[in-house]
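The structure appears below as C-alpha cells.
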Amino acid sequence: MTDEQEKNPAEAVRVGVLGARGRMGMEVCKAVDSAGDLDLVATIDQGDDRSAVAGAEVVVDFTTPDVVMDNLQWCIDQGIHAVVGTTGFTEQRLDQVRGWLAGRPGVGVVIAPNFGIGAVLMMQFAARAARHFESVEIIEQHHPRKLDAPSGTATHTARLVAQARAEAGLGPTPDATRDEVPGARGAEVDGVRVHAVRAAGLVAHQEVLFGTTGETLTIRHDSYDRASFMPGVLLAVREVRRRPGLTVGLDALLD
Ligand SMILES: NC(=O)C1=CN([C@@H]2O[C@H](COP(=O)(O)OP(=O)(O)OC[C@H]3O[C@@H](n4cnc5c(N)ncnc54)[C@H](O)[C@@H]3O)[C@@H](O)[C@H]2O)C=CC1
Ligand SMILES: O=C(O)C1=N[C@H](C(=O)O)C[C@H](O)C1
C-alpha cells in the first residue's frame with residue numbers, strides 16, 4: 001500500500017515524529033499523514049513530553065545534533081525503531097548506537113545523512129569517480145539557518161571519497177597553495193577539502209569537483225524543496241522494522 005490510499009489504522013504503521021515543528025519535521029508529519037499505510041500518532045518538539053511517542057512503532061528524528069543521541073538511546077530502550085535524519089553522526093557516535101542496539105536485538109535504526117534519492121546517487125557516483133582523479137574538493141551550499149557546517153552529506157561524501165582513494169593507492173591531492181587567510185582553502189575532512197556556503201534562497205546543494213590532467217568532472221545534486229527528502233524518509237519508515245541493527249545511509253534500502 002502507498003500514499004493517498006484510504007487509511008486503515010488497525011493495519012497502519014504507528015509513526016511518531018521528534019522535531020515535529022522544525023522545517024523537516026513539519027514536512028515529515030505531512031508526508032506520514034498523507035500515506036495510506038502510516039498513522040501519525042505523536043508529534044513532539046522541544047519542551048513536549050517525549051513519552052507521548054511511546055505508542056509509536058517507528059520514530060522519525062529530525063532534531064539537532066545536541067539532542068539526537070539522547071532521543072535515540074531512549075527509543076532503543078523503549079524498543080521503538082528509529083529513522084534518523086539529524087546530522088552529527090561521527091564514527092564514535094555510530095559505534096555508541098551499535099552498542100545500545102546490541103542489548104535490543106529486534107530493534108532497527110536507519111541513520112541517513114541525506115534522504116534525497118538524487119543525493120544518495122551523487123554520493124555513490126562520487127565514490128566511484130574518486131579513484132580516477134588526483135584532485136577532489138567538495139562544495140556544499142545550504143540555507144543560512146542551518147546550524148552545522150560542514151553538512152552531514154559533505155562529511156559522509158568526504159569519508160566515501162577518502163576510502164576509495166585509499167583503496168586505489170592515491171596519496172594527498174596536489175596543492176602548493178599557502179592559506180594567506182585562515183580558512184581560505186576550506187576545512188579538511190578525512191584529507192578532503194570541504195567548502196561550506198550559506199546563502200538565503202538555497203535549500204541543500206552539493207558539488208563534488210574532480211580534476212586530473214586536462215579534464216574535470218563535476219557531480220552536482222540540488223534539493224530545491226524539502227519534499228525531495230520525503231520518498232527516502234517514507235521508504236526508511238516502511239523498511240526499518242524489517243532491518244534490525246544499524247543501517248547507515250539509504251543505499252541498502254534502494255538496492
Ligand atoms: N538526512 C536528511 O536528509 C536531512 C537532514 N537534515 C538535518 O535534520 C536536522 C533538522 O533540520 P531542520 O528541520 O532544518 O532543523 P530545524 O531547526 O528547523 O528543526 C529542528 C527541530 O527540532 C526541535 N527540537 C530541538 N530539541 C528537541 C528535542 N529535545 N525534542 C524534540 N524536538 C526538539 C527544534 O525545536 C526544531 O523544531 C538537522 O540536523 C539537519 O541537518 C535536514 C534535511 C535533510
Ligand atoms: O540542514 C539541512 O538543511 C540539511 N542537512 C543535511 C546535511 O547536513 O547534509 C542534509 C541536507 O543537506 C539538508
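Rule-based calculations on the coordinates, nothing more; no lab input. Small disclaimer: the values here were computed from a predicted structure and weren't measured. Positions of Cβ are generated from backbone atoms using ideal geometry, with glycine treated the same way; all protein chains shown enter the neighbour counts.
See the values below:
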item	result
Chymotrypsin sites (Phe, Trp or Tyr not before Pro) restricted to DSSP loop in the stretch 181-255 with at most 12 other C-beta within 10 Å	224
Alpha-carbon Rg/Rh ratio, for the chain, with Rh computed the Kirkwood way	1.00
Gained length - residue 203 relative to residue 11, 0.36 nm times residue gap less alpha-carbon distance	65.6 nm
Pair residue 21, residue 129: separation of 7 Å Cα→Cβ label points (nm)	4.2
GluC sites (Glu not before Pro) lying in DSSP loop within the stretch 168-255, provided at most 13 other Cβ fall within 10 Å	180
Antiparallel bridge percentage (DSSP; both residues within the stretch 117-224; nearest 5)	75
Computed E for residue 33/residue 216 - FRET, C-beta separation, R0 41 angstrom, nearest 0.05	0.40
Cα-based helix-to-principal-axis angle, 68-78 vs the chain, degrees rounded to 10	40
Pairwise centroid distance, computed over Cα atoms, of the stretch 189-235 with the stretch 1-79, Å	27
Full-stretch length increase - residue 49, residue 67 - with 0.36 nm per residue and alpha-carbon distance subtracted	5.1 nm
Low-density loop cleavage sites - trypsin sites (Lys or Arg not before Pro) in the stretch 137-178, where at most 10 other Cβ are within 10 Å (DSSP)	145, 178
Crossing angle, helix 230-239 versus the chain [Cα axis fit, 0-90 degrees, rounded to tens]	60
Three-way shape call for the stretch 166-252 based on the alpha-carbon gyration tensor, with the a/c threshold at 1.5	prolate
Rounded tilt (10° steps) of 152-167 against the dominant C-alpha axis of the chain	50
About the Cα centre, charge dipole magnitude for the chain (Lys/Arg +1, Asp/Glu -1 at Cβ), debye	180
Overall form of the stretch 194-243 per C-alpha gyration tensor (a/c, 1.5; a/b vs b/c)	oblate
Estimated distance in nm for a label pair at residue 255 and residue 184, the labels positioned 7 Å out from Cα along Cα-to-Cβ	4.5
J(HN,Hα) series, the stretch 97-111, from Karplus relation 6.51 cos²θ - 1.76 cosθ + 1.60, nearest Hz, glycine and proline x	5, 4, x, 5, 5, 4, x, 9, x, x, 8, x, 9, 10, 10
